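Below is one structure, written out as structure tokens; comments come after it.
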Amino acid sequence: MEMPIVSLVVGFVVVFFLGIRIIRPTERGLIERLGRYRAFAEPGFHWIIPIIDRMYKVNTTEQMVDAEPQEIITNDNLNARVDAVVYFRVLPNEESVKRSQYNVDNYRLQVVSLARTTLRNIIGTLTLKSANSERGKINAELHHTLSQETADWGIQIIRTELKEIDPPKDVQETMNKVVKAENEKIAAIDYATAAETAADGAKRAKIKEAEGIKQSKILEAEGTAEAIRLVNEAANKYFTGNAQLLKKLEVTEASLKNNSKIVVPTGTELVNVVGDMAGVMPFHK
């Protein structure tokens, strides 16, 4: 009797431990019994009947898949190497977890395939130049399309990012040359503008300097003219009358030296001159 009981207890313990399942906070579980959905498992301890029950764990954290590089023909018939990544997560509610397992076969693989197809459709309508300059638009359109197509998969497309859009090597070299030439052109224009500005500044400085010299000469000439005018006024006022008087005196002196008799009418200016020289007042009758 003891052996069957012990065997039964041991078997019970083994079955109990075989049926233990632990769900982490980053997971959710689906419990099936004989192939049919039975219950939803939240994080924590769970026990299932071994062999009869089966639990599928689903990761509900944010995940990333690489769409893998592929060659895409652009609208201008160039082969571009395109790669992108997609970030998504399975929503943690029961309905979404069930959809991720029952509505799609391997949602990670399906997201990659859908992203590659969508990228071919989007970039195929763009030129290589516009595809490189409109990465934000491509990301937005890719995100919108994936969100719509996966709405019934129980997942949420968080964001999409283009990793690269690389043209063929020869095209890339040509583009680099064009960019280099454009940069050199801009640099030449900037240099010419700076040189023109410097020349204009030097020209303005020369004009200012010439105007200053001109103004200085004008002021100098005006000063000289004013001085000459003042000298002329002084000469006219003082020198002309004295010169006439001096001449009269010289004539008078020469006459007196030769004992010449000169009849000078009374009241003439010469009488006044002689009188002034001799200190004699003129005599009037």
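Let's see how each residue does on (1) of a type in the set (Phe, Trp, Tyr); (2) within 27 Å of Val111 (Cβ to Cβ); (3) out of contact with any helix residue (DSSP H, G or I) (no Cβ under 6 Å at 6 or more places or on another chain); (4) modelled with pLDDT of 90 or more:
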position	(1), (2), (3), (4)
Ile5	no, no, yes, no
Val14	no, no, yes, no
Arg38	no, no, yes, yes
Glu42	no, yes, yes, yes
Phe45	yes, no, yes, yes
Thr60	no, yes, yes, yes
Gln63	no, yes, yes, yes
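Residue-wise test of (1) touching a Ser or Thr at 6+ places or on another chain (Cβ under 8 Å); (2) touching a residue at least 24 places away in the same chain (Cβ under 8 Å); (3) in a helix (DSSP H, G or I).
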{"site": "Arg99", "(1), (2), (3)": "no, yes, yes"}
{"site": "Leu114", "(1), (2), (3)": "yes, yes, yes"}
{"site": "Thr117", "(1), (2), (3)": "no, no, yes"}
{"site": "Lys137", "(1), (2), (3)": "no, no, yes"}
{"site": "Ser147", "(1), (2), (3)": "no, no, yes"}
{"site": "Ile165", "(1), (2), (3)": "no, yes, no"}
Kindly check whether there is at least one residue in the range 101-110 that is of a type in the set (D, E, K, R), in a loop (DSSP other than H, G, I, E, B) and modelled with pLDDT under 90.
-> no
Would you pick out the residues in the range 121-169 that are touching a Lys or Arg at 6+ places or on another chain (Cβ under 7 Å) and not polar (S, T, N, Q)?
-> His143, Asp152, Trp153, Gly154, Ile155, Ile158, Leu162, Glu164, Asp166
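Which of the residues spanning the range 123-135 are surrounded by fewer than 19 Cβ atoms within 10 Å (Cβ to Cβ) and either assigned to a helix (DSSP H, G or I) or outside the structural domain of Glu161 (by TED's automatic domain parsing) (or both)? Can you show your working first?
If we filter the range 123-135 for residues that are surrounded by fewer than 19 Cβ atoms within 10 Å (Cβ to Cβ), which is where we start, we get 124-125, 127, 129-130, 132-135.
Selection gives Lys129, Ser130, Asn132, Ser133, Arg135.
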Please verify whether the range 147-159 includes one or more residues that are in the same structural domain as Ser100 (by TED's automatic domain parsing), over 30 Å from Pro92 (Cβ atoms) and among the basic types (Lys, Arg).
-> no
Among the charged types (D, E, K, R), over 59 Å from the mean Cα position of the chain (by Cα) and modelled with pLDDT under 95: does that describe Arg81?
-> no
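Can you tell me which residue within the range 92-120, out of those that are among the aliphatic types (A, V, I, L, M) and closer than 28 Å to Gln70 by Cβ, is farthest from the chain's Cα centre (by Cα)?
Val104
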Can we say Arg89 is farther than 29 Å from Gln148 by Cα, touching a residue at least 12 places away in the same chain (Cβ under 8 Å), among the charged types (D, E, K, R) and assigned to a strand (DSSP E or B)?
-> no
Go through the range 141-158 and give me each residue that's surrounded by 15 or more Cβ atoms within 10 Å (Cβ to Cβ) and not hydrophobic (A, V, I, L, M, F, W, C).
-> Glu141, His143, Thr145, Ser147, Glu149, Thr150, Gly154, Gln156
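The values are calculated or read from the model by the stated rules, or taken from the named source; none is laboratory data. In this text the structure is predicted, and so the values were computed from the model without any measurement. All Cβ positions, glycine included, derive from the backbone under ideal geometry; neighbour counts span all protein chains shown.
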